[in-house]
Amino acid sequence: MVSRVHKRTAMYRNLQVLRSITYSHSRRRTSVVLDASEYIQGLKKKLQDQLNQLPVATAQKIINYDPMPMLKVEPQEEGFVIKVLSQRSCQGLLVFILEAFEKLGLDVIQARVSCADNFNLEAVGNKENNQDTRLLDAQLIEQVVSQAIQNWREVTQQ
């Protein structure tokens, strides 16, 4: 019983927020949702009108805006945790990142990768045991992986 009350209260609050955002004065839920849909369509039309007023090259840059994937390297006791996140699927990016790991001499101990709707990589790696005695730090890993991401962007934008 309490769960129903909480759900109903939450839905009422969300409806009030939606009503205030869309400037709707409707009382029925379906009417508020319809008002919200019309409001969104109006915003889309305003955006399209503003894009039509811009020069074609500028409008194309805005439409095709694609931020760089986010990169974070955290040092751990036994190596490094490397995280790469992007808001969209990045076909081929994993290959560039793995090549960067190989270039650094990093052994990937554990990794989770998702490439469906967005790109998400979380890898744990440490230095391979070989003759290369270069010191490996988080900043160097970040630079090399960032360069790999930049190389991937250049290849995919051609």
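The values are calculated or read from the model by the stated rules, or taken from the named source; none is laboratory data. All of these numbers come straight from a predicted model, not from anything done at the bench. So basically every Cβ, Gly included, is an ideal-geometry build from the backbone, and we count neighbours across all protein chains shown. Keep in mind that these areas ignore ligands, DNA and RNA; they rest on the heavy atoms of the full protein, side chains included. Shrake-Rupley method; radii C 1.70, N 1.55, O 1.52, S 1.80 Å.
Among the residues of region 5-47, those that are out of contact with any Leu (no Cβ under 8 Å at 6 or more places or on another chain), charged (D, E, K, R) and open to solvent by 80 Å² or more (accessible area, probe 1.4 Å) comprise Lys7, Arg8, Arg13, Arg27, Arg28, Glu38, Lys44, Lys45, Lys46. Cβ separations smaller than 9 Å between residues 6+ apart or across chains give the following pairs from region 98-118 residues that are assigned to a strand (DSSP E or B) to residues that are of a type in the set (D, E, K, R) and modelled with pLDDT of 90 or more: Gln110/Glu122; Ala111/Glu122; Arg112/Glu122; Val113/Glu122.
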